[in-house]
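*Asks:* Quick one: the structure is below, and I'll ask about it shortly.
Throughout, read-outs are computed from the coordinates displayed, never taken from laboratory work. Just so we're clear, the structure is a prediction, and the values are computed from it rather than from any experiment. No Cβ is skipped: glycine too gets one built from the backbone with ideal geometry, and neighbour counts run over all protein chains shown.
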Amino acid sequence: MENARPTPLVDDIEGTRQKLESWIATHRGHDVSIPELSIPDATGMSNVTLLFDINWKEGGQSRSEAVVARLQPSIERPVFPDYDLSLQYEVMDRIGRGSDIPVPQLRGLETDKSLLGVQFYLMKRTEGRIPTDMPPYNMDGWMMHETSLAERQSLWNAAVDTMARFHRLDYQELGFARLHEPGKTPLQQQLAYWQHYLDWAMEGAGHAIGQRALDWLQAHQPAQEPTVLCWGDSRLGNVIFNPALDAVAAVLDWEMAVLGNPVQDLAWFNYLDATFSEGLGMPRLEGLPTYEETVSRWEKTSGFSAKDYDYYLIFAGMRYGLILSRIMLATGQDSEVQRSFACQLLEKYLDRLT
């Protein structure tokens with residue numbers, strides 16, 4: 001994975017620091033300084049993350065703000081065929097202005113690639129705790145070693161409740177009706193995208209379990225679905241929790257935001273947790289509510305029915321399996337492309353329904 005990092009940023013971290021410093025000063029209308037940039041170890045191929053502090057003088061007083069920059073990746077084999085950072089930014093901006101859903105405070109978007117070679121946006125760093133993906137939170141890390149059973153239950157439920165409240169928002173009032181392609185349902189749009197993704201991601205080699213899942217999904221599409229703006233990447237690792245672990249401080253990573261049935265977010269939330277346990281042959285972290293309890297809580301809070309939940313578990317498994325297979329292919333892990341733990345878990349779920 002290290003070789004897949006966008007090398008221009010790594011090779012010229014000082015040049016990147018100076019360019020960002022100048023860009024921020026121009027947009028703020030006063031001098032600023034950025035002492036240093038850091039790239040978290042967990043930054044990956046779908047976005048690049050930079051962490052830094054902005055320092056400036058105001059009214060004779062020294063000021064400082066911790067900032068996160070998200071940059072479009074620039075690598076030979078990216079995870080997705082295209083990236084729309086402006087849409088991610090717009091989603092957070094509109095949600096932040098028009099609802100009580102906590103999102104990071106935005107600090108600017110640059111779509112002109114001439115400065116850094118890629119698009120980027122800045123947001124104020126939100127204080128709190130984020131469950132770890134590496135290592136998975138059910139195997140190591142602060143959730144496993146520093147939380148009580150009650151705290152685990154509390155943070156899980158806080159995430160589910162926030163997701164459910166988000167699903168009650170009107171995507172048309174938020175200004176995202178344009179994402180609906182005329183003549184197709186949102187699900188048909190997504191299935192067409194993921195079929196294209198399979199062909200692109202596998203570079204023509206095909207994907208047996210992914211194609212089987214897509215064929216099943218095409219043949220069993222639910223009828224008369226509700227449509228909302230879906231988070232897309234709804235999982236614990238994309239939530240910042242407050243220090244007490246009883247509320248969400250910010251919801252992160254909107255790069256997969258899309259119109260669709262809100263049940264797809266619920267299914268993704270549970271399925272991604274299952275990949276850390278059932279998928280890896282490990283027990284779930286004790287204290288987390290069951291998936292059945294999660295579905296019931298979401299239904300009560302969102303007001304939507306989860307009747308199509310099993311369908312969207314397969315949808316989640318297909319998406320995750322293909323994304324992970326793309327990462328495996330892009331990083332030279334050819335033996336895992338077709339038979340990774342994610343693919344095997346998807347196959348298991350499909351076998352239960354067919």
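*Asks:* Relative to a virtual label point 7 Å from the Cα of Ala223 in the Cα→beta-carbon direction, which members of the stretch 243-264 show backbone nitrogen distances below 19 Å?
*Replies:* From the stretch 243-264, the list is 261.
*Asks:* Just to compare against my own numbers: the Cα pair-distance distribution for the stretch 175-299, 10 Å bins, whole % per bin, please.
*Replies:* Per 10 Å bin, starting at zero, the Cα-Cα P(r) for the stretch 175-299 comes out as 11, 32, 38, 16, 3 percent.
*Asks:* Test of understanding: in a Gaussian network model of the chain with alpha carbons linked when under 10 Å, which of Thr275, Thr290, Thr126 would top the mean-square fluctuation ranking?
*Replies:* Looking only at Thr275, Thr290, Thr126, the biggest GNM fluctuation is shown by Thr290.
*Asks:* Further question: Please give the helix 208-219 orientation as an angle from the longest Cα principal axis of the chain, in degrees from 0 to 90, rounded to the nearest 10.
*Replies:* Once rounded, the angle reads 70 degrees.
*Asks:* Given a cut-off of under 8 Å on Cα pairs at least six residues apart, what relative contact order in percent is computed for the chain?
*Replies:* Value for the chain: 17 percent.
*Asks:* Given the pairs Lys300/Lys348; Lys19/Lys124; Lys307/Lys348; Lys19/Lys57; Lys57/Lys113, which span a C-alpha to C-alpha distance of over 25 angstrom in this model?
*Replies:* Table pairs above 25 Å Cα-Cα are Lys300/Lys348; Lys57/Lys113.
*Asks:* Here's a follow-up. Once you list every other residue whose beta carbon is under 13 Å from the beta carbon of Arg168, what net charge do they have if Lys and Arg are +1 and Asp and Glu are -1? Intermediate values should be presented prior to the final figure.
*Replies:* Numbers: positive: Arg165, Lys300; negative: Asp100, Asp161, Asp170, Glu173, Asp265, Glu299.
Residues close to Arg168 contribute a combined charge of -4.
*Asks:* Return the sequence-ordered ³J(HN,Hα) values of the stretch 163-177 in whole Hz as given by the Karplus equation 6.51 cos²θ - 1.76 cosθ + 1.60 applied to θ = phi - 60°, using x for Gly and Pro.
*Replies:* Coupling constants for the stretch 163-177: 4, 5, 5, 4, 5, 7, 6, 8, 5, 6, 5, 6, x, 10, 4 Hz.
*Asks:* Here is a follow-up. Going by average Cβ density within 10 Å per residue, which order do the peptides 322-334, 276-288 take, highest to lowest? Let's see the in-between values first.
*Replies:* Details: 322-334: 18.7, 276-288: 15.7.
The densest-packed peptide leads the list: 322-334, 276-288.
*Asks:* Take Asp12, project a point 7 Å from its Cα along the Cβ direction, then tell me which residues of the stretch 103-140 have their backbone nitrogen under 12 Å from it.
*Replies:* The answer is 114-118.
*Asks:* Out of Gly303, Gly59, Gly210, any idea which swings most in a Gaussian network model of the chain, alpha carbons joined below 10 Å?
*Replies:* Comparing Gly303, Gly59, Gly210 in the GNM, the peak value goes to Gly59.
*Asks:* Related question: Below 8 Å between Cα atoms, with a sequence gap of 6+, how large is the relative contact order for the stretch 197-332 in percent?
*Replies:* This gives 28 percent for the stretch 197-332.
*Asks:* Starting from the Kirkwood radius over alpha-carbon pairs of the chain, derive D by Stokes-Einstein at 25 °C in a medium of 0.890 mPa s and give it in µm² s⁻¹.
*Replies:* 114 µm²/s
*Asks:* With the Cα gyration tensor of the stretch 142-353 giving a ≥ b ≥ c as the square roots of its eigenvalues, does the rule (a/c under 1.5 for rounded; else a/b larger than b/c for prolate; else oblate) give rounded, prolate or oblate?
*Replies:* Values: a/c = 1.73, a/b = 1.16, b/c = 1.49.
Note, shape of the stretch 142-353 comes out oblate.
*Asks:* Related question: Within the set of other residues whose C-beta is less than 15 Å from the C-beta of Ser64, count the net charge using Lys and Arg as +1 and Asp and Glu as -1. The partial results should precede the final answer.
*Replies:* Values: positive: Arg28, Lys57, Arg63, Arg107, Lys124, Arg125; negative: Glu21, Asp31, Glu36, Asp53, Glu58, Glu65, Glu127.
Computed value for this residue: -1.
*Asks:* Applying the Karplus parametrisation 6.51 cos²θ - 1.76 cosθ + 1.60 with θ = phi - 60° to the phi angles of the stretch 141-154, what ³J(HN,Hα) value in whole Hz is obtained for each residue in order, glycine and proline being reported as x?
*Replies:* Karplus-based 3J(HN,Hα) across the stretch 141-154 equals x, 5, 5, 6, 9, 10, 10, 8, 4, 5, 5, 5, 4, 5 Hz.
*Asks:* Please give the FRET efficiency for Ile75 paired with His145, using the beta carbon to beta carbon distance and R0 = 25 Å, rounded to the nearest 0.05. Mind showing how you got there, number by number?
*Replies:* On the way: r = 34 Å, r/R0 = 1.36.
Plugging the Cβ-Cβ distance into 1/(1 + (r/R0)^6) gives 0.15.
*Asks:* At what distance in nm do the modelled label points of Glu58 and Ala244 sit from each other, each positioned 7 Å from its Cα along Cα→Cβ?
*Replies:* 2.8 nm
*Asks:* Net charge around Tyr349, counting only other residues with Cβ within less than 13 Å of its Cβ (Lys, Arg = +1; Asp, Glu = -1)?
*Replies:* Values: positive: Arg212, Arg319, Lys348, Arg352; negative: Glu278, Asp310, Glu347, Asp351.
Here the charged neighbours net out to 0.
*Asks:* Charges at C-beta only: +1 for Lys and Arg, -1 for Asp and Glu. How large is the resulting dipole of the stretch 142-353 about its Cα centre, in Debye rounded to 20?
*Replies:* So the dipole magnitude of the stretch 142-353 works out to roughly 220 debye.
*Asks:* Can you tell me the 0 to 90 degree angle between the C-alpha axis of helix 13-28 and the longest principal axis of the chain, rounded to 10?
*Replies:* Relative to the chain, helix 13-28 is tipped by roughly 80 degrees.
*Asks:* May I ask for the Rg/Rh ratio of the stretch 2-124, computed from Cα atoms with Rh as the Kirkwood radius, given to two decimals?
*Replies:* In the stretch 2-124, Rg relative to Rh is 0.97.
*Asks:* Using amide H atoms built in the peptide plane, which far-off residues or other-chain residues are under 5 Å from Asp308 H to H?
*Replies:* Correct list: empty.
*Asks:* How large is ³J(HN,Hα), in whole Hz, for each residue of the stretch 276-289 in order, when computed from phi with the Karplus curve 6.51 cos²θ - 1.76 cosθ + 1.60 and θ = phi - 60°, using x for Gly and Pro?
*Replies:* 6, 10, 4, x, 9, x, 10, x, 5, 5, 4, x, 6, x
*Asks:* Whose amide H sits under 5 Å from the amide H of Arg107, counting only residues 5 or more places off or on another chain, with H placed in the peptide plane?
*Replies:* Those lying under 5 Å, H to H, from Arg107 are Leu122, Met123, Lys124.
*Asks:* Same structure again: Using only the C-alpha atoms of the stretch 162-234, find the volume of their convex hull and express it per residue in Å³.
*Replies:* 124 Å³
*Asks:* Using only Cα atoms, find the angle between the long axis of helix 291-302 and the longest principal axis of the chain, and express it within 0 to 90 degrees, rounded to the nearest 10.
*Replies:* 70 degrees
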